[in-house]
Amino acid sequence: MAENTISFNPIGIIHTPFKETAGMPIQPPGALGINGTVEVFPEFSEGLQDIEEFSHIILIYHFNKSKDFKLKIAPFLEDEVHGVFAVRAPKRPNPIGISVVKLLRREDNIIYIDNPDMLDGTPLLDIKPYIPDFDAYPDAIAGWQEKHKGKVRKHKSDDRFKK
């Protein structure tokens with residue numbers, strides 16, 4: 001089994017006002033106007049060159065507080081059960097999260113962001129620029145989420161994934 005092991009080391013830490021999951025936004029649109037910072041460790045700061053030219057960035061991070069997973073779960077916004085790969089819940093076989101956040105500015109190895117939806121102290125695995133030509137599909141269909149369009153901005157996290 002050892003050859004199947006994959007190991008990542010954080011390149012930084014995400015700082016947000018959210019100390020616990022209950023009451024925090026469930027996705028970035030629900031965190032508009034809330035600010036945070038991304039602290040990139042100094043040994044990786046050279047890789048930030050030109051990042052401030054982008055209005056949004058994709059943060060890839062580790063759900064470090066998620067200790068187990070379920071293959072079928074009821075996600076936020078509804079009580080119906082779906083497969084884990086059809087939801088964005090933190091209880092995953094590989095607890096990896098992604099969020100598109102607004103980049104406000106960069107000062108050395110610190111990136112100031114708007115709309116963070118992760119816990120304070122979340123380990124950062126990678127950063128990628130959000131590029132509309134690459135990342136936005138106007139004809140995309142949101143599956144079971146279609147019936148919940150527009151609700152994500154108002155919905156807050158509860159403790160359903162703490163269990």
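Throughout, read-outs are computed from the coordinates displayed, never taken from laboratory work. Here the structure is a predicted model, which is why all the values come from computation and not from measurement. Because the Cβ atoms are built from the backbone with ideal geometry, glycine has one as well, and the counts that use them run over all protein chains shown.
Data table
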{"read-out": "Neighbour-count ranking [beta-carbon atoms within 10 angstrom, fewest first] of K102, K19, K128", "value": "K19, K128, K102"}
{"read-out": "Fewest-first ranking of D117, D79, using other Cβ atoms within 10 Å as the exposure measure", "value": "D79, D117"}
{"read-out": "Distance in nm between pseudo-label sites at Y112 and A74 (7 Å out along the Cβ direction from Cα)", "value": "4.2"}
{"read-out": "Least to most buried among L71, L119, L77 (fewest other Cβ within 10 Å first)", "value": "L71, L77, L119"}
{"read-out": "Stretchable slack from Q49 to N94, in nm (0.36 nm times residue separation minus alpha-carbon distance)", "value": "13.2 nm"}
